[in-house]
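Structure first, then comments.
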Amino acid sequence: MSIKQRNGIWWIDFRSPSGERIRRSTGTRVKKAAQEYHDRLKAEYWRADMLGEEIRTFDQAALEMLKLSEGQSDYETKLRHVKYWRDALGGDTPLRSLTGGMIVQALPTHSTHAHRKPTPLSAASKNRYLSTMRRILNLANQWGWIAKTPHMERYDEPSKRVRWERQNVISALINALHLPWMRDVCLVAVATGMREDELLSLLPMDVDLQQSTAWVRAENAKSGYARAVPLNADALAVIERRIKTATTYVFERPPQRKDGEIIKIFQTDARDFKRACAKVGIEDFRFHDLRHTWASWHAQSGTPLMVLKELGGWETLEMVQRYAHLAPSHLAHHASSVTFWAQQAGKEKEQPCRVALMS
C-alpha cells in the first residue's frame, strides 16, 4: 500500500521509476491531504527520471531565501521558522509536491518556553510561520522552480489587546501582593517593561549596577535578539537588594514541595496576583499587562515610538503603534491652520455697519 497510517500520521512508501525507494511522513492526519501529497511527489520523481527535470527541494529554496534575508531585522525569526519547517516537512521534499493543506496541517500547535509549559500557539504566531513559508514559495515561483504558490489561508487574528492601569492603581496592586518576591518582580516589570520570561531568567551577572543596565540574553528574548534594558531608580533599588542574596537567578521563586520532592517553578505566582487584583478591584488584568502599562505610561509621557520600540525589544514599529493613541498629540497646533467660520465671523465684526438711505 502506497500510504499507511502510523500513530495517526499518514506515511507514503513507493519506488521511483529509477528504483529509488521514497518513504517519508506526510505530516498530516488527513488521508485526502496525504493522498494528494503522495500523488504530487510520485509525479515529481517520474518527471525527474523520465523527462530529466531537476528536482528543486525545500532546502534549496529556503537557503536562497535566507541569503536574501541576511541583514533584515527578522532574520533570526525566519531562520527559526525554516528550521521548524525543515523538521516538519523534510528538507529534501520537492517543492512541487507541497500543498497548502499539507503545510497548514504541519503547523506547530504549541509554543515552547525555556521555563514554562508549552502553550497553544496563537493565530498571529501561526500566520508568522505561514508568512515565512509563503516567502520561500513565492521566490521559488519567481525563479520558475514551481508553477504557482500553493494557497494558504490566514488565521483570523483578534484585535490587539492593550490593558493598562494608572500609577495609583498599580501602586495599590503591588502593595496588595502577599508574597515579597512577587512585589519585587511586579515592580521591576512595570518599571522596565521586561517580559515574564526575561525577568525570571535574569542572572546577577546580567546586571551592571554601575551602568544601571540589565541585559536580556538572546535565548531568553521573544524576538531572539539580545538587548540592553536601562534601569530606573525603582528597578535598580529592587535588583541591587535581591542580588545580595541571590543564589542563581535575581528573581528566584522560593522552591515548593510536590510529592515529597523540592521543585523550582519558573513562573510568577498567578494566585497571589489574582488575589491582589481582586482586593484592589482590578478586572481582566494579567501579569503581561504590566508591560502594557509600562509602555502606555511612556507613550503618555511623550517617549517617541521608535525609542519605545528599542526599550521594549519589539521587532517592528507596528507592534508599538497600539500605544500611539495615548501619546500627546503633536498635531494639535496645526488644527487652527485652516478655519473658515471663526475667520468669517471676525471679518464681519470688523466691517462698518451699512445703513440704507431712504429717499
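The values are calculated or read from the model by the stated rules, or taken from the named source; none is laboratory data. This one's a predicted model, so the numbers in the text were calculated from it and none came from an experiment. Cβ coordinates were reconstructed from backbone atoms using ideal geometry, including for glycine residues, and neighbour counts include every protein chain displayed.
Yes or no: TRP181 outside any loop (DSSP other than H, G, I, E, B) and among the aromatic types (Phe, Trp, Tyr)?
On the way: outside any loop (DSSP other than H, G, I, E, B): yes; among the aromatic types (Phe, Trp, Tyr): yes.
Yes; evaluated as a whole, the condition is true for this residue.
Return yes or no: is THR245 surrounded by fewer than 15 Cβ atoms within 10 Å (Cβ to Cβ), over 28 Å from the mean Cα position of the chain (by Cα) and at pLDDT 85 or above? Full working, then the answer.
Working: surrounded by fewer than 15 Cβ atoms within 10 Å (Cβ to Cβ): yes; over 28 Å from the mean Cα position of the chain (by Cα): yes; at pLDDT 85 or above: yes.
The answer is yes for THR245.
Looking only at helices (runs of 4 or more DSSP H) that fall completely inside segment 272-359, which ones have 2 or more residues that are closer than 25 Å to ALA226 by Cβ, modelled with pLDDT of 90 or more and in the same structural domain as ARG227 (by TED's automatic domain parsing)?
Counting at least 2 such residues, we get 289-300, 305-312.
Which residue is farthest from ALA176 (Cα to Cα), if the candidates are limited to segment 271-324 and must be among the hydroxyl-bearing types (Ser, Thr, Tyr) and surrounded by 15 or more Cβ atoms within 10 Å (Cβ to Cβ)? Can you show your working first?
We begin by selecting, within segment 271-324, every residue among the hydroxyl-bearing types (Ser, Thr, Tyr); these are 293, 296, 301, 303, 316, 323.
This time we only want the ones that are surrounded by 15 or more Cβ atoms within 10 Å (Cβ to Cβ), so: 293, 296, 303, 323.
Details: THR293: 18, SER296: 22, THR303: 29, TYR323: 27 Å.
Looking at the filtered set, the residue picked out is THR303.
State whether the residues of segment 175-183 include one that is surrounded by 20 or more Cβ atoms within 10 Å (Cβ to Cβ), assigned by TED's automatic domain parsing to the domain that holds ARG242 and out of contact with any Asp or Glu (no Cβ under 7 Å at 6 or more places or on another chain).
no
Please verify whether THR93 is surrounded by 14 or more Cβ atoms within 10 Å (Cβ to Cβ) and either basic (Lys, Arg) or in contact with a Lys or Arg (Cβ under 9 Å, 6 or more places away or on another chain) (or both), treating the condition exactly as stated. Before you say what the answer is, go through the steps one by one.
On the way: surrounded by 14 or more Cβ atoms within 10 Å (Cβ to Cβ): yes; either basic (Lys, Arg) or in contact with a Lys or Arg (Cβ under 9 Å, 6 or more places away or on another chain) (or both): yes.
Answer is yes for this residue.
What single numbered condition from (1) polar (S, T, N, Q); (2) in the same structural domain as PRO94 (by TED's automatic domain parsing); (3) outside any helix (DSSP H, G or I) fails to hold for ASN138?
(3)
When the residues of segment 184-213 are narrowed to those that are under 21 Å from the mean Cα position of the chain (by Cα) and not in a helix (DSSP H, G or I), which ends up surrounded by the fewest Cβ atoms within 10 Å (Cβ to Cβ)? Break it down stepwise before answering.
The first filter runs over segment 184-213 and keeps only residues under 21 Å from the mean Cα position of the chain (by Cα), leaving 189-190, 192-202.
Pick out the ones that are also not in a helix (DSSP H, G or I) and you get 193-195, 201-202.
On the way: GLY193: 22, MET194: 29, ARG195: 20, SER201: 22, LEU202: 27.
Looking at residues that are under 21 Å from the mean Cα position of the chain (by Cα) and not in a helix (DSSP H, G or I), I get ARG195.
Test ARG183 against the criterion of being of a type outside the set (A, V, I, L, M, F, W, C) and modelled with pLDDT of 95 or more, and give yes or no. Explain how you work it out, then say what you get.
Details: of a type outside the set (A, V, I, L, M, F, W, C): yes; modelled with pLDDT of 95 or more: yes.
So ARG183 fits the description; yes.
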